[in-house]
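First comes the structure, then the notes that go with it.
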Amino acid sequence: MHLISSLLFAISANIDSFIVGLSYGIKKANISLLKSTIISLVTLVGTVTAILLGAEISQFLPSSSSQAIGCALLIGLGMYYIIKSLYTYLCIQIKKAEVKASESSSEPKDSSQTEDSLLTIKEGLFLGLTLSINNVGMGIGASITGLKLLPTAILSLIVSVTFLYAGNVIGKSKVPHISDRAADVLSGLILVGLGIYELF
C-alpha cells in the first residue's frame with residue numbers, strides 16, 4: 001500500500017523534472033544520464049528534508065488528525081496546481097484574443113539552434129535546488145500522512161532521473177510536447193488522488 005503511495009508521490013513530485021528536461025531538449029541543450037543523476041540527487045536532498053520535517057511536525061499533531069491534515073495538504077496543493085493551470089490558460093486565451101483583435105503581427109524569430117549546447121554543473125546544481133524547493137510542500141504533506149522515507153526517497157530518485165533524461169531526449173526529437181499547464185493539471189490530479197487514497 002505504502003509503495004503505491006510512494007510511487008504516486010514520486011511521479012507527482014517529479015513531473016517538473018520531465019518538463020525541465022523537455023525544455024532543455026527543445027533548446028538542444030544536452031543533459032546526460034550522469035547530469036540527470038546529479039540534478040536528481042540535489043532534488044532528493046530537498047525532498048528528503050521536507051519529508052523529515054513533516055515527520056517532526058506530525059509528532060506535535062494529535063494522532064487522530066495527523067492523517068487527515070496531511071491528506072488535506074496534498075489535496076489542497078493538488079487543487080492549487082489545477083486552478084493555477086486553468087487560470088494561466090484563461091489569461092493566455094484572453095491575451096491571444098486581444099492580439100488578434102488589434103491585428104498586431106511581428107516577424108517570426110529564428111529559433112533554430114546550430115549546435116548542441118551543454119548544461120554546466122553549476123546550472124545543474126541550481127536546477128536541482130530549484131526543483132527541490134518546489135517539492136517542499138508535497139514532502140511535508142506526504143510525510144504527515146505517514147509515507148515511509150526510504151521507499152519514497154528511492155522511487156523519487158529513480159523517477160526524477162528517468163523523467164529528466166527522457167524529457168531531454170524527447171525534447172530533442174519531433175515528438176509532440178506536453179505543456180507546462182498540462183503537467184500542472186496532471187501533477188495536481190495525482191496529488192488529489194494520493195490525498196484521497198491516503199485518507200481512506
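What follows is calculated from the coordinates using simple rules that are stated; it is not laboratory data. Keep in mind that what you see is a predicted model, and the values were worked out from it rather than measured. Counting neighbours? That spans all protein chains shown, and the Cβs are built from the backbone with ideal geometry, glycine included.
Of the cross-linked pairs 148/172; 28/96; 35/95; 35/96, which ones have a Cα-Cα span greater than 30 Å in the structure shown?
Working: 148/172 36 Å; 28/96 28 Å; 35/95 37 Å; 35/96 37 Å.
Listed pairs above 30 Å: 148/172; 35/95; 35/96.
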Within the under-11-Å Cβ sphere about residue 86, not counting residue 86, Lys/Arg +1 and Asp/Glu -1 give a net charge of +1
Here, residue 96 and residue 57, labelled 7 Å along Cα→Cβ, have an inter-label distance in nm of 3.7
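Which order do peptides 160-169, 37-46 fall in by mean Cβ count within 10 Å, highest first? Each step should come with its number before you reach the end.
Working: 160-169: 23.2, 37-46: 20.8.
The peptides rank, most packed first, as 160-169, 37-46.
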